[in-house]
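Engineer: Submitted below is the structure of interest, expressed as structure tokens.
The values are calculated or read from the model by the stated rules, or taken from the named source; none is laboratory data. Computed from a predicted structure; not experimentally measured. No Cβ is skipped: glycine too gets one built from the backbone with ideal geometry, and neighbour counts run over all protein chains shown. We work out accessible area using only protein heavy atoms, side chains counted, and drop any ligands, DNA or RNA first. Shrake-Rupley method; radii C 1.70, N 1.55, O 1.52, S 1.80 Å.
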Amino acid sequence: MGGYTYVAPATVADALTILSEHKNNGTRAQVLAGGTDLLVQMRSGDNAGRAIVDIKNIKESNNLVFGETETFIGAAISSAVLNESEKLKELFPGLLEAADLIGSTQIQGRATIAGNLCNASPAGDTIPALIANSGVCVISGPSGERQMAVEEFVTGVGTNALSSEEFVLGLRLPNPALRTSDAYLRFIPRTEMDIAVAGAGVSLSLSEDGTCIAARVAIGAVAPTALLVEDAAEAIVGSKLDEGALSKASEACSGAASPISDKRGTAEYRRKVVGVLCKRAAVIARDRALS
Amino acid sequence: MAEAVDYKIIGERPVRPDGVDKVTGRAQYGADLSLPNTLIGSVLRSPHAHARIKSIDVTAALSMQGVYAAITSEDFASPDGEVGGEAAGSASDLAKNVMATDKVLYHGHAVAAIAASTKEIADLALDAIVVEYDVLEPVLDIDEAMKDTAPLLDPDCYTQNLPEKAEKPSNIASVMQLSGGNLEEGFAAADIIVEGEYNIPMAHQGYIEPHACTATVNEAGQATVWCCTQGHFEFRSMTAALLGMNIADLKFIASEIGGGFGGKTVVYLEPVAVLLSKIAGRPVKMTMSREEVFRATGPTSGTHCKVKVGAKKDGTLTAASAWLAYEAGAFAGAPMGPGAMCIFAPYKLENFFVEAFDVLVNKPKVAAYRAPGAPQSAHAMEIALDDLARELEMDPIDLRLKNAVQEGDQATYGPKFPRIGFKECLEAAKNHPNYKTALEEGTGRGVSAGFWFNVGMQSSAEVHVNENGTVTLVEGNPDIGGSRASMCIMASETLGIEYESIRAMIGDTESTGFSNVTGGSRTTFATGMAVVQACEDIIAQCKARAAVTWGVDEDQVEWQDGQAIPAPGVNADVKPLSLADIASQAHKTGGPLLGRASLNAQGPGPSFAVNICDLKVDQETGKVDVTAFTAIQDAGKAIHPDYVEGQMQGGTSQGLGWALNEEYIFDANGVMENAGFLDYRIPVASDLPMIDCHIVEVPNPTHPFGVRGVGETPIVTPLAAAANAVRDATGVRINDLPLSPPKILEALDGND
Amino acid sequence: MSNKVQIQSSVNGEIVDFLCDPQETLLDVLRNRLSLTGTKEGCATGDCGACSVLLDGRLTCSCLVLGVEAVDKEITTIEGISEKDGLHPIQRKFLERAALQCGICTPGLIVATKALLEKHKDPDEETIRYWLAGNLCRCTGYDKIVRAVQDAAKELSYEA
């Protein structure tokens, strides 16, 4: 068994060098941001030694940049810090809600959106919210930066598109257009501390008269990866989110879901509830877009 | 006999004497002790729920650097007979549970243990132990387990308590029956009969502190063990039996204990740590991970119940019958007895029949959990009564009032009830604002009632009067929920001195007399009685010392308000002598003052409870939100009402958790799938409303201050209260627990 | 096989140096290397909150932080909550309200409450309950804990 080592590089370049060295040596390295998933994994099944590469000392990973057309969220910023930004909450209330749902206050102080994404759990709360907001991953690697839509980033249960020489530096989100807002809802049996049984993120834009002119709907915990449900978006675009359109969107989400039955809920239950969540999230997003 | 009296401090709410250490991090719990030169002990656990152990080879592990001891069941004694107090059971089964012998009977069952210089080395050494298993089919479902065709956990298990010896072995370890009157006639006399079938899942006590201990054995074979336990004397007996040691060679020191609820009344680690230390010649510390706590300590039984109740149109019960099957886990000893005895206990019933089964399954061996067995059977009965009330269009509290037992009534479990407060609890519920408040749309209300016997058993106490008149109490019951405060209050009231001048300590097994576990709701009752008697011993001594001082006869001295005074009519020109006066002169009047008492307390007072539960159900997701909850219970007399309410609120929270979310989930191989607090979902702060408490005080005549036990009854009632409220909110009856969102939604959709 | 790292950190206002393995949690460092056993382990997976500490003022589960991450950080544990002249008002209110039974969750709850009241001077019941949702208590049903926090908030706002 190789032991553990820990390194906290101060620059992107240093981090990439370390990752490449490990790749070339055939040794394992793993990136640490908040650590709320990683430390648990180290204590259960996967306890083999490795190099832990902490990206919290990298300046760019801690950047929160409000651009004219887009917003950049550094990979090392914790949910608690993000939720203290009024500006960010105003722009992406749904995404922030999703980030706020990851675990307890204690977990909030550590957990990051990028970590939630890289962990690639089917039930990760921020993933549907990121997809609904057309989020893009900014990936640092040996040949520079590359970008990838969030819905393409997660490749399966616990797997993502990163090579062992890359890490996520942050997330890029287009700023919402006029009368555009988002919402994320998840279902858990308790009020807190659970993993999502189902989740739905909705972002939508309204015309002046309240007609939905654009929408993105994403669902989580009901398939191996979070899904962008275009049929659901189509169902509400052109409507004023009347009961009929919402029902169609809801059915589209239930139809797109391919859930499993496990200790957290039955497949049938998840399929039903994801539709309910889509409907409710859409209404919240609409109310926000109007306000 | 205690009547409504004006007490000086009983019923007040002073700060607990051990409080400061517990809010500053000073208090030492099971895992907080570190002795120099300590090794870490770790347990190898079975990856199978049911398998024969063909061989265990520890040689590779033992040869590793940093490994100092490796043990298997061969290193243990082969005890027979029974051990333990309230949770007494077969010593041989206990030994096999602590370390598997020929078979492993649940996933997580201990098969070997290691002591090493660090946790990492110990864990690596566990990986180096080679165990060959012959994997057998696990028996996981109680109904399947009871069938003739089921694989057997124990081929020598012949059902006990049958009229004739069983012809062949089975997984039914024992049966019991309770009956009275004539069931057929009773049901024939009924205008209405309700019946139902109910499943309640296996659930864990969920104490936040994992089991932990440190043991050190010297060259003379004398062992000292620090551990978190509900009863260090019983842990000592069990450890002595399992290791074939002389009790005199074992000293147990109870650390502070981070919750138990019955789960820390049996040993898991302690004998292992002693054995490892004996071999290694160094102290050995062992702590369980949360996962080990779930997989390998004793939860309470999953239970399958069938109940049938008959009544007249006016609500008078004419007959009731129950069939109750309790999972024992890997070894016999499910709480089917108390479950059977409690189910009909609150009601006047001439004609009844209860049959209960103790059933082996490949799951962890159950341990006590707050009113063991009663919540499961009460859940069934209290739902049946709710159904009955609905069919009769009768108020559910009125239905219970109509049939409630009172003093002098014959209990279905045997004795005649002494003075009890069930009707008072029901009346209090009926008059409670919670019961009168109108329900909001989408909300439902459920009520239920429950009973627990409470126990007495053995306790010891000593009272040391210091030279300035302050007092040190020594007793043998670990303080899980504020019992030091109650002991100090009772001593203060008895002696007539300030609460603040009394300190209470939990003596180790060498510094106070034998005491049974802190459990069975017995501590404030029985140990409290011992404390009061020990204080009375001091008063008698003080009177004698005053008599010597004053040159009068002892019977010419009285004790009043913490002072010796001359009895009325005694002509003595003396100043009263306070406890401090007497203590300061004790060296002149006969030496230090030491009072003591030991007893096997008789006459515990049964405690009844009634709950009102309001909740809202999300019709689209099936999620339940408890909006209001009122717990009403007869405490006899609340010595420290905060801690009585604390028991009521804590039991409510556990009961609601069990009702709504908590359950052991096993896969087809018998592996628990939710062995952590993430997926074994105990209530969090945001899940609950304030829990309103109403303490009824109908004094227990056998206790000097009227105390009944209060700790256990609170968990008996919330299961059915929640289920009845869900029925009220949705119109759909769900008999099985937990009332999880998928289950509720399925029922709602089925109803469309 | 040891890759132990030397770390300097500040715990309860005191500079401390310790050696730890790279994979060792801050919880284990506090308990086993610094003998600060007031911080408790209930689960080691971030689900119970018994190991709550403040890390640079932010509420955290010390079981989800590596010891090596504590470099140059300010850590406050339950042992650092009391004030020079006695108990912190939060500690006092927990005692007065009987907000503990067994007491194992109490250190974590007090640390969490301190973080709460630094951020929200006058939290309503819902805010308190959600803030403390990561601190499991099995004994009390939370009722008296919530009341103790409300009392402490009141007292602290009078003091301010």
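Engineer: Once the Cβ-Cβ distance between B:ASN218 and B:THR59 is put in as r, and R0 is 25 Å, what FRET efficiency do you end up with, to the nearest 0.05?
Structural biologist: Computed FRET efficiency for B:ASN218 and B:THR59: 0.35.
Engineer: Could you name the lysines whose alpha carbon sits less than 29 Å from that of B:LYS743, not counting residues in the same chain fewer than 8 places away?
Structural biologist: Within the straight-line cut-off, B:LYS743 pairs with A:LYS248, A:LYS263, A:LYS272, A:LYS279, B:LYS147, B:LYS306, B:LYS308, B:LYS363, B:LYS365, B:LYS616, B:LYS623.
Engineer: Ratio of segment A:180-290's C-alpha Rg to 2.2 N^0.38 Å, to two decimals?
Structural biologist: Cα-based Rg divided by the globular estimate yields 1.02.
Engineer: Then there is this: Among B:GLY180, A:TYR269, A:ASN133, whose Cα projects farthest towards the positive end of the dipole of the protein assembly as shown, with charges put on the beta-carbon of Lys, Arg (+1) and Asp, Glu (-1)?
Structural biologist: Of the candidates, A:ASN133 comes out farthest on the positive side.
Engineer: Quote the total accessible area buried by chains B and C together, excluding ligands, DNA and RNA, probe 1.4 Å, nearest 100 Å². Display every interim value, and only then the final one.
Structural biologist: Values: alone 28440 and 8740 Å², together 33290 Å².
Using a 1.4 Å probe on protein heavy atoms, the buried area is about 3900 Å².
Engineer: If you wrap chain A's Cα atoms in a convex hull and average its projection over all directions, what's the area in nm²?
Structural biologist: On the way: hull surface 59.3 nm².
About 14.8 nm², averaged over all directions.
Engineer: Still on this structure, I have one more. On alpha-carbon atoms, Rg over Rh for segment B:141-193 using Kirkwood Rh?
Structural biologist: My calculation puts Rg/Rh at 1.18.
Engineer: In Å², nearest 100, what accessible area do chains A and C bury in total when the solvent probe is 1.4 Å?
Structural biologist: In total, this chain pair buries about 2400 Å².
Engineer: Any idea what the alpha-carbon Rg over 2.2 N^0.38 Å comes to for the protein assembly as shown?
Structural biologist: After normalising by residue count via 2.2 N^0.38 Å, the value is 0.96.
Engineer: Which whole-number percentage describes the relative contact order of chain A, with Cα contacts under 8 Å and a sequence gap of 6 or more?
Structural biologist: 16
Engineer: If you don't mind, another one. In what sequence, largest accessible area first, do B:CYS228, A:CYS118 appear using a 1.4 Å probe?
Structural biologist: Per-residue accessible area, sorted high to low, gives A:CYS118, B:CYS228.
Engineer: What translational D, rounded to a whole number of µm²/s, comes out for segment B:134-243 from Stokes-Einstein when the hydrodynamic radius is the Kirkwood one over Cα pairs, at 4 °C and 1.567 mPa s? Intermediate results must be reported in sequence, preceding the final value.
Structural biologist: Working: Rh = 20.0 Å.
This corresponds to a translational diffusion coefficient of 65 µm²/s.
Engineer: Follow-up question, since we're still on this one. For segment B:1-41 and segment A:1-65, compute the distance between their C-alpha centroids and round to whole Å.
Structural biologist: Each part's Cα centre sits 44 Å from the other's.
Engineer: Can you give me the long-range amide H partners of A:THR71? Hydrogens built in the peptide plane at 1.01 Å from N, cutoff under 5 Å, separation of 5 or more residues or another chain.
Structural biologist: A:LEU173, A:ASN175
Engineer: Amide H to amide H under 5 Å from B:CYS693: which residues, 5+ apart in sequence or cross-chain, H placed 1.01 Å off N in plane?
Structural biologist: Those qualifying (amide H under 5 Å, at least 5 residues apart or on another chain) are B:ALA631.
Engineer: Quick check: at a probe of 1.4 Å, how many percent of the accessible area of the protein assembly as shown sits on carbon and sulfur atoms? Each step should come with its number before you reach the end.
Structural biologist: Working: 20000 of 42200 Å².
C and S atoms contribute 47 percent here.
Engineer: Further question: What distance in nm lies between label points placed 7 Å from Cα along the C-beta direction at B:TYR7 and B:GLU74?
Structural biologist: Inter-label distance under the simple model: 5.8 nm.
Engineer: So what are the ³J(HN,Hα) numbers for segment B:93-99, from phi and the Karplus equation (6.51, -1.76, 1.60; θ = phi - 60°), rounded to whole Hz, Gly and Pro as x?
Structural biologist: 5, 4, 4, 5, 6, 5, 8
Engineer: How about segment B:8-30: which of its residues lose at least 40 Å² of accessible area in the presence of all protein chains relative to their chain isolated, using a 1.4 Å probe?
Structural biologist: Hits at the 40 Å² cut-off: B:VAL15, B:ARG16, B:LYS22, B:VAL23, B:THR24, B:GLY25, B:TYR29.
Engineer: Using a probe radius of 1.4 Å on heavy atoms only, what accessible surface per residue do you get for the protein assembly as shown? Whole Å² is fine.
Structural biologist: 35
Engineer: On to the next question. Can you pull the Kirkwood radius for segment A:5-54, inverse mean 1/r over Cα pairs, to one decimal in Å?
Structural biologist: 11.3
Engineer: Moving on. Can you grab the distance from the C-alpha centre of segment B:116-138 to the C-alpha centre of segment B:687-738, Å, no decimals?
Structural biologist: After rounding, the separation between the Cα centres reads 44 Å.
Engineer: In debye, nearest 20: dipole of segment C:89-159 around its Cα centre with unit charges on the Cβ of K, R (+) and D, E (-)?
Structural biologist: Around 220 debye, computed over segment C:89-159.
Engineer: Here is a further query. Whole Å is fine, so just give me how far the alpha carbon centre of segment A:172-251 lies from that of segment B:370-436.
Structural biologist: 49
Engineer: Within 10 Å of each candidate Cβ there may be at most 14 other Cβ atoms; applying that plus a DSSP loop requirement, which GluC sites (Glu not before Pro) in segment B:312-413 survive?
Structural biologist: Counting only loop positions with at most 14 other Cβ atoms within 10 Å, the GluC sites (Glu not before Pro) in segment B:312-413 are B:GLU393, B:GLU407.
Engineer: What figure, in Å² to the nearest 10, do you get for the accessible area of B:ASP148 with a 1.4 Å probe and non-protein molecules left out?
Structural biologist: Approximately 120 Å² of B:ASP148 is accessible to the 1.4 Å probe.
Engineer: Hey, another quick one. Please report the accessible area of B:TRP452 (heavy atoms, 1.4 Å probe, ligands and nucleic acids excluded) in Å², nearest 10.
Structural biologist: 10
Engineer: To continue, here is another question. Report the B-A buried area as the accessible area lost on both sides summed, probe 1.4 Å, in Å² to the nearest 100.
Structural biologist: 1900
Engineer: Restricting attention to the alpha-carbon atoms of chain B, what are Rg (one decimal) and Dmax (integer), both in Å?
Structural biologist: Cα-based Rg and Dmax for chain B come out at 27.2, 89 Å.
Engineer: Quick one: which bits of segment B:188-209 get at least 50 Å² less accessible when the partner protein chains are in, versus the chain alone, with a 1.4 Å probe?
Structural biologist: Output list: B:ILE208.
Engineer: Continuing with the same structure: With every protein chain left in place, what is the accessible area of B:PHE417 in Å² (1.4 Å probe, nearest 10)?
Structural biologist: Its heavy atoms expose roughly 10 Å² to the probe.
Engineer: What's log10 of I(q)/I(0) for segment B:80-181 at q = 0.22, 0.23 Å⁻¹, Debye sum over Cα points only, no solvent?
Structural biologist: Each listed q maps to, in turn, -1.30, -1.34.
Engineer: Take the Cα atoms of segment B:596-675, find their three principal axes, and give me the spread along each one in whole Å, biggest first.
Structural biologist: 57, 37, 19
Engineer: Sticking with this one: Counting every Cα pair in segment C:5-80, what percent are over 19 Å apart?
Structural biologist: 20
Engineer: Right, next: Translational diffusion coefficient, Stokes-Einstein: compute it for segment C:82-135 using the Kirkwood radius over C-alpha pairs as Rh, at 10 °C and 1.306 mPa s, and state it as an integer in µm² s⁻¹. It would help to have the intermediate numbers written out before the result.
Structural biologist: Details: Rh = 11.8 Å.
It comes out at roughly 135 µm²/s.
Engineer: Right, another one. Of all alpha-carbon pairs in segment B:382-455, indicate the percentage at a distance above 20 angstrom.
Structural biologist: More than 20 Å apart: 40 percent of the Cα pairs in segment B:382-455.
Engineer: Let me ask something else. Given the Cα atoms of segment A:60-173, and with Rh set as the inverse mean 1/r over their pairs in the Kirkwood sense, what is Rg to Rh to two decimals?
Structural biologist: Taking Rh as the inverse mean 1/r over Cα pairs, Rg/Rh reads 0.93.
Engineer: Still on this structure, please answer the following. About the Cα centre of segment B:261-401, what is the dipole size in debye to 20, counting +1 per Lys and Arg Cβ and -1 per Asp and Glu Cβ, all else neutral?
Structural biologist: Computed about the Cα centre, the dipole is about 840 debye.
Engineer: May I ask you to rank B:THR549, B:THR118 by accessible area, largest first, using a 1.4 Å probe over the protein chains only?
Structural biologist: B:THR549, B:THR118
Engineer: Moving on. So who's got an amide H within less than 5 Å of the one on A:ASP54, skipping anything under 5 residues away but keeping other chains? H placed 1.01 Å off N, in plane.
Structural biologist: Counting only residues 5 or more places away or on other chains, the set is A:VAL7, A:ALA8, A:LEU32.
Engineer: Shifting gears a bit: Can you work out ³J(HN,Hα) from phi for every residue in segment B:298-315, in order, using Karplus 6.51 cos²θ - 1.76 cosθ + 1.60 and θ = phi - 60°, giving whole Hz and x for Gly and Pro?
Structural biologist: x, x, 9, 4, x, 9, 10, 10, 10, 9, 9, 10, x, 8, 6, 4, 7, x
Engineer: Moving on to the next point. Mind checking the alpha-carbon convex hull of chain C and giving the volume per residue in Å³?
Structural biologist: 107
Engineer: Separate question: Would you compute, from DSSP H runs of 4+ residues alone, the mean residue ellipticity of the protein assembly as shown at 222 nm, taking -39500 (n - 2.57) per run and dividing by the full residue count, rounded to the nearest 500?
Structural biologist: -8500 deg cm²/dmol
Engineer: Determine ³J(HN,Hα), in whole Hz, for all residues of segment B:678-690 in sequence, where each value follows from phi through the Karplus function 6.51 cos²θ - 1.76 cosθ + 1.60 and θ = phi - 60°; x replaces Gly and Pro.
Structural biologist: Each residue of segment B:678-690 in turn: 6, 10, 8, 8, 7, x, 9, 4, 7, 7, 10, x, 4 Hz.
Engineer: For segment B:661-707, what relative contact order do you get, as a whole percent, if you take Cα pairs closer than 8 Å and at least 6 residues apart?
Structural biologist: Across segment B:661-707, relative contact order equals 24 percent.
Engineer: If you average the sequence gap of Cα pairs under 8 Å that are 6 or more apart and divide by the length of segment C:5-80, what percent do you get for the contact order?
Structural biologist: It comes to 40 percent, rounded to a whole number.
Engineer: When the convex hull of the C-alpha atoms of segment C:6-49 is computed, what volume per residue in Å³ does it have?
Structural biologist: 78
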